[in-house]
Amino acid sequence: MARALIEALNLEVHYGGITAVKGISFAVEEGELVCLIGANGAGKTSTLKALARMIPSSGEIHYRDDRLDRLPSHALIGKGLALVPEGRGIFTRLTVAENLAMGAYHRNDKGEIGADLERIYAMLPRLAERRDQVAGTLSGGEQQMLAIGRALMGRPQLLLLDEPSMGLAPLMVDKIFEVIRTVAAQGVTILLVEQNARLALQTCTRGYVMESGRITLADTSAHLLADPRVRAAYLGE
Amino acid sequence: MDILLQQIINGLTTGSVYAIVALGYTMVYGVIQLINFAHGEVVMIGAMVAFSVIMAVVGMGLPLPPVVIVLGGVLAAIPVCMAIGYLLERVAYRPLRHAPRLAPLITAIGMSIVLQHLALLIWGRDPRAFPQIMENTSHAIGGAAISSVQIAIILLSVAMMAGLTWFVYRTKFGIAIRATAEDVRVAALMGVDANRVIAVTFVIAAALGAVAGVMVGTYYGIAHYTMGFILGLKAFSAAVLGGIGNLAGAMLGGILLGLVEALGAGYIGEFTDLCQWPVARDLLAERCMADGHVVLFGSNYQDVFAFLVLILVLVFRPSGLLGERVSERA
């Protein structure tokens with residue numbers, strides 16, 4: 001078994017007096033597509049934000065030979081970690097092209113950046129059509145595409161996706177998940193947080209189930225899809 | 001003489017200076033939503049440093065062309081102001097980055113007082129007169145006059161505005177500044193070090209302020225340790241008029257405010273001359289006969305217009321002419 005690309009040990013997140021994440025441990029190995037499912041408020045987003053150092057946390061976060069919990073947020077992309085935040089987090093006042101340029105902000109290989117940009121425009125043609133448009137005028141689905149494209153411009157080895165299906169029409173959700181599978185097939189390791197448990201488990205190879213700040217189940221997607229507890233709580237059966 | 005054209009020329013000159021100073025306020029506000037009330041003082045120190053350098057060079061009696069001497073003053077003022085801008089951010093504002101909004105605002109006013117009194121200690125309490133070394137030739141245009149200093153101020157301001165616009169909209173770091181202004185935490189995910197962006201913003205604002213300070217000094221021929229206060233307030237009003245946080249707004253607001261002020265000062269005497277109104281003329285018949293004019297407000301009310309504009313904007317369009325969102329922040 002390959003060694004873990006990222007591993008969290010006893011991760012805890014506090015907001016004031018509330019503990020949103022209560023000492024969880026998990027790992028994602030190189031090349032895996034892993035999902036983290038659970039109800040609203042289970043602590044999934046807090047977990048991703050802690051990994052990306054957007055909020056303070058305790059416990060250890062190992063990423064290759066680094067301790068992420070000792071790094072500032074802006075140092076992570078240089079290490080190969082990108083997060084597509086909840087609510088997409090695109091820069092609405094910047095153009096599509098400028099948003100994508102921001103994704104490559106830490107890179108200095110101009111020629112390669114241009115090639116990556118063309119690749120992303122080829123994969124997400126809607127972005128190419130709207131490259132000079134202010135990003136705030138895009139539809140929700142297009143904004144999600146842009147957020148993913150922008151993260152890919154950083155050439156991440158690990159991509160953290162926070163609720164990419166949120167607020168999107170079913171057709172758009174299918175498209176977004178198709179993109180996610182394509183990116184995973186290209187060798188990018190993905191940790192996906194999703195409320196749409198069925199879709200997430202059908203896409204990922206492995207999954208963690210979070211409930212009020214704790215990981216309650218960890219198994220392959222096939223087992224989780226068959227698990228009566230998962231079926232009752234998250235698949236509406 | 002064409003008074004209207006003359007007032008427009010004067011208004012464009014002071015308006016250009018307001019625009020450059022307003023850019024300093026608006027850039028900093030755009031990135032950290034702080035009104036850097038010490039910015040006017042940075043402008044004042046720019047004028048003072050240039051004054052000292054110009055005096056020293058003139059005192060040495062070097063046979064340099066006046067333009068070179070003034071340019072030397074500018075080139076000395078810029079790094080000094082940049083250093084002050086950096087220190088302000090580093091020492092006064094950064095430690096309060098996550099404090100309640102009122103704390104850095106009060107600190108800004110405090111820093112303004114500190115800088116004023118620092119200037120008082122160094123340059124004294126008397127107004128310092130800039131040596132009149134520039135040959136201020138007047139050029140006639142359409143019944144009005146424009147001086148070479150006015151031409152220089154307008155051209156230099158336009159060049160700086162164009163340069164800043166290019167930097168903010170066309171360079172990688174400029175895009176990062178705009179991204180940080182919109183969402184610091186997401187910009188960090190792209191690898192943008194917010195502290196660096198904020199520091200650079202302060203330094204650029206201070207550099208613009210330094211040049212504005214020298215422009216004001218050479219235009220009015222005078223520098224004083226309190227000059228930054230009123231200038232800063234006016235430029236702040238200009239930034240609010242244009243929509244604070246908006247670069248184009250600061251430029252537009254500055255120019256408009258300069259025009260309003262010049263036209264207001266130019267015509268207020270005429271409009272408030274009571275002898276032209278029939279009712280008042282009858283009441284004041286004796287004095288109107290004797291003096292011809294009984295003027296209620298003279299051009300010394302010039303400073304009122306900036307604040308009148310500020311009040312009107314805050315009442316009727318708080319987001320400013322080009323501002324998109326109404327800000328309820330302190």
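No lab work stands behind these numbers, since they all come straight from the coordinates. This structure is a prediction, so every number in the text was calculated from the model and none was measured. With ideal geometry, Cβ positions are generated from the backbone for all residues, glycine too; neighbour counts draw on all protein chains shown.
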Would you mind telling me the antiparallel percentage of the DSSP bridges in the protein assembly as shown, rounded to 5? 60 percent
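By count of other Cβ within 10 Å, fewest leading, how are B:Asp126, A:Asp109, B:Asp193 ordered?
Least crowded to most crowded, the residues run B:Asp126, A:Asp109, B:Asp193.
To the nearest µm²/s, what D does Stokes-Einstein give for the range B:34-91 at 10 °C and 1.306 mPa s, using the Kirkwood radius over alpha carbon pairs as Rh?
After rounding, the answer is 130 µm²/s.
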Using helices alone, what [θ] at 222 nm do you get for chain B, with -39,500 (n - 2.57) per DSSP H run of 4 or more residues, divided over all residues and rounded to the nearest 500? -24000 deg cm²/dmol
Long-range amide H partners of B:Asn136 with built H, under 5 Å: none
Note down the Stokes-Einstein diffusion coefficient of chain B in µm²/s, whole number, using a Kirkwood radius over alpha carbon pairs, 37 °C, and 0.692 mPa s. 156 µm²/s
What's the angle, to the nearest 10 degrees (0 to 90), between helix B:66-87's Cα axis and the longest principal axis of chain B? 50 degrees
Give me the log10 of I(q) over I(0) for the range B:184-289 at q = 0.10, 0.11, 0.17 Å⁻¹, as the Debye formula computes it from C-alpha points; what are the numbers? -0.52, -0.59, -0.96
For the range B:83-152, listing trypsin sites (Lys or Arg not before Pro) in a DSSP loop whose Cβ sees at most 10 other Cβ atoms within 10 Å gives B:Arg125
What average count of beta carbons from other chains do you get within 10 Å of the Cβ of residues in A:98-104? 5
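Let me confirm one metric for peptide B:189-201, namely the mean number of other chain beta-carbon atoms within 10 Å of its residues' beta-carbons.
For this peptide, the per-residue mean of nearby foreign Cβ atoms is 5.
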Per residue, how much space in cubic angstrom lies within the convex hull of the C-alpha atoms of the range B:227-317? 108 Å³
Eligible lysines near A:Lys110 by straight Cα distance, threshold 25 Å, same-chain separation 8 or greater: A:Lys79, B:Lys172
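Quick one: order B:His39, B:His293 by neighbouring beta-carbon count within 10 Å, fewest to most.
Arranged by neighbour count, lowest to highest, B:His39, B:His293 become B:His293, B:His39.
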Among B:Gly232, B:Val91, B:Ile244, whose Cα lies farthest out toward the positive end of the dipole of chain B, if unit charges sit on the beta carbon of Lys, Arg (+1) and Asp, Glu (-1)? B:Val91
I need to check one value: relative contact order of chain A, counting alpha carbon pairs closer than 8 Å and at least 6 residues apart, in percent. 27 percent
Extent along principal axes [Cα atoms of the range B:1-56; Å; largest to smallest]: 46, 36, 12
In the range A:14-151, taking the dipole from +1 charges on Lys and Arg beta carbons and -1 charges on Asp and Glu beta carbons about the Cα centre, the listed residue (A:His74, A:Ala104, A:Ser46) farthest towards the positive end is A:Ser46
The cysteines in the protein assembly as shown that find no other cysteine Cβ closer than 4.7 Å to their own Cβ are B:Cys81
Ranked A:Tyr234, B:Tyr25, B:Tyr86, criterion: other C-beta atoms within 10 Å, fewest first: B:Tyr86, A:Tyr234, B:Tyr25
Can you tell me what the convex hull of the Cα atoms of the protein assembly as shown projects to on average, as an area in nm²? 35.0 nm²
Residues meeting the amide H criterion for B:Asp273 (H placed from the backbone, H to H distance under 5 Å, 5 or more places apart or on another chain) are B:Leu296
How much length, in nm to one decimal, is gained on full extension between B:His293 and B:Leu102, taken as 0.36 nm per residue of separation minus their Cα-Cα distance? 63.9 nm
What GluC sites (Glu not before Pro) does the range A:1-76 have in DSSP loop regions with at most 16 other beta carbons within 10 Å? A:Glu30
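Suppose every Lys and Arg Cβ carries +1 and every Asp and Glu Cβ carries -1, with no other charges. What dipole size does chain B come out with about its Cα centre, to the nearest 20 debye?
1220 debye
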Could you go through the range A:185-193 in sequence order and give the Karplus-derived ³J(HN,Hα) for each residue, using 6.51 cos²θ - 1.76 cosθ + 1.60 with θ = phi - 60°, rounded to whole Hz, and x for Gly and Pro? 5, 7, x, 7, 6, 10, 10, 10, 9
Rg to Rh, two decimals, where chain A supplies the alpha carbon set and Rh follows Kirkwood: 0.96
I need the phi-derived Karplus couplings for the range B:176-186: 6.51 cos²θ - 1.76 cosθ + 1.60, θ = phi - 60°, integer Hz, Gly and Pro marked x. 5, 4, 5, 5, 4, 4, 7, 7, 4, 6, 6
At a threshold of 8 angstrom on Cα-Cα distance, excluding pairs fewer than six apart, so keeping six or more, what relative contact order does the range B:3-260 reach in percent? 46 percent
Measure nothing but the geometry: give the 0 to 90° angle between the long axis through the Cα atoms of B:102-123 and the longest principal axis through the Cα atoms of chain B, rounded to 10°. 70 degrees
